[in-house]
Amino acid sequence: MAELLRYYLTYTFHSMTKYDYMAIGWILFLALLVMFLGAFVKRRGLSYFLLFLGLVLLFAGPPLIKVTMDAYIRAAAVHVTKVKSLRFSDTLIVEGDVTNRGRIDYSSCDLLLLVYRPDTPLKSWAAWLKPKMVRVTPLDTPLPIATTKPFQLIVDHFNTEKDFNVSVIARCYP
């Protein structure tokens, strides 16, 4: 979990563009403006509501803006075509394609491989948050708009289990 959090924070700070900074600045300005208005409104109920709304904007606004910008500007789709666990060696091979569906060209991408056990839907979600294995592999080739590049991830020292799920997430940098 710590590796996943460290990776996400590194990705967040490396992938920010001027549009991200403008959007986050605008949300922070709106949050402070709403809290300022809430401090000077005479009606107590409206004042509390505005202060609460300002705090929600202050803390939830920047992450939501980042997620929205990632989905719109830096969208990358991953299609896994083959997952094979070799029988006589502890190796996992994952093959697939990564497609740039965003609005900008990418100079590089990182492929995040998550291996977790399948269970009931709630346990599966918890297992995805704390996967059994996390691997980050850089894809150093540029990825222009609307192009697809193949990838192959090889994981050595993989404990062969009977049942596991594999997720591959692409995080791309402009």
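Here, each number is a calculation from the coordinates, and none is a lab measurement. Remember, it's a predicted structure, so these values are computed and weren't measured experimentally. Virtual Cβ from ideal backbone geometry, glycine too; neighbours counted across all protein chains shown.
Partner lysines whose Cα lies under 30 Å from the Cα of Lys18, excluding those fewer than 8 positions away in the same chain, are identified as Lys66, Lys149.
Note on Tyr7, Tyr116: ascending count of other Cβ atoms within 10 Å places them as Tyr7, Tyr116, the fewest first.
Taking the longest Cα principal axis of the chain as reference, the axis of helix 44-72 is set at about 30 degrees. Rounded to the nearest 10 degrees, the inclination of helix 2-14 to the longest alpha-carbon principal axis of the chain is 60 degrees.
Computed over the Cα atoms of the chain, pair by distinct pair, the Kirkwood hydrodynamic radius stands at 18.7 angstrom.
When the chain is treated as a GNM with alpha-carbon contacts under 10 Å, the residue of Gly96, Gly38, Gly61 showing the greatest mean-square fluctuation is Gly38. Between the C-alpha center of segment 63-107 and that of segment 145-174 there is a gap of 7 Å. The percentage of C-alpha pairs in segment 76-173 whose separation is greater than 22 Å is 34%. When the Gaussian network model of the chain links Cα atoms closer than 10 Å, the mean-square fluctuations of Ser107, Ser47, Ser85 top out at Ser47.
Binning the C-alpha pair distances of segment 18-72 at 5 Å intervals from 0 yields a P(r) profile of 4, 23, 25, 18, 13, 9, 6, 2, 0 %, listed from the shortest bin outward.
For Gly102, the residues whose amide H sits under 5 Å from its own are Ala75, Ala146, ignoring neighbours fewer than 5 places away on the same chain, with H placed 1.01 Å from N.
Report the local net charge at Val80: Lys and Arg +1, Asp and Glu -1, summed over other residues whose C-beta lies under 10 Å from its C-beta. If you can, show how the numbers build up before the last one.
Working: positive: Lys82; negative: Glu95, Asp97.
Residues close to Val80 contribute a combined charge of -1.
With runs of 4+ DSSP H residues as the only contributors, calculate the mean residue ellipticity of the chain at 222 nm using -39,500 (n - 2.57) per run, divided by the residue total and rounded to the nearest 500.
The helix contribution divided over the chain gives -14500 deg cm²/dmol.
Contact order, relative form, for the chain: 24 percent (alpha carbon pairs under 8 Å, 6 or more residues apart, mean separation divided by residue count).
Between 0 and 90 degrees, the angle of helix 18-40 with respect to the longest Cα principal axis of the chain falls at about 40 degrees.
Taking amide H positions as modeled 1.01 Å from N, with prolines and chain starts lacking one, the residues under 5 Å from Asp119 and 5 or more places away or on another chain are Ser124. Taking amide H as placed 1.01 Å from N in the peptide plane, Thr91 has its amide H under 5 Å from the amide H of Leu86, Phe158, each at least 5 places away in sequence or on another chain.
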